[in-house]
Amino acid sequence: MWLFLNTDDFWRDYERYRAAGVEFTRPPLEQDYGTVAVFRDLCGNQWDLIQRSN
């Protein structure tokens, strides 16, 4: 990915986006660097929604 949307509360934003109809193309994953899921915008670009670990 080359587009990243950083958040301070991954699960809040993930659930809010899903409720609004945002299409997630990869489910949430807990990684060493943080929690991330991939979604598609209206133009077809894929974004990482990410909350980085401290």
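Checking Leu3 against (1) under 8 Å from the mean Cα position of the chain (by Cα); (2) exposed (fewer than 13 other Cβ atoms within 10 Å of the Cβ); (3) of a type in the set (A, V, I, L, M, F, W, C), which test does it fail?
It is condition (1) that Leu3 fails.
Tally time: how many residues in region 40-54 are part of a strand (DSSP E or B) and either among the aliphatic types (A, V, I, L, M) or closer than 14 Å to Trp11 by Cα (or both)?
Within region 40-54, residues that are part of a strand (DSSP E or B) and either among the aliphatic types (A, V, I, L, M) or closer than 14 Å to Trp11 by Cα (or both) number 5.
Consider region 14-27. How many of its residues are under 17 Å from Leu3 (Cβ atoms) and open to solvent by less than 80 Å² (accessible area, probe 1.4 Å)?
The number of residues fulfilling the criteria is 5.
The values are calculated or read from the model by the stated rules, or taken from the named source; none is laboratory data. Only a predicted model underlies this, so the values are computations on that prediction, with no experimental measurement involved. Every residue, glycine among them, receives a Cβ derived from its backbone with ideal geometry; neighbour counts consider all protein chains shown. Keep in mind that these areas ignore ligands, DNA and RNA; they rest on the heavy atoms of the full protein, side chains included. Shrake-Rupley method; radii C 1.70, N 1.55, O 1.52, S 1.80 Å.
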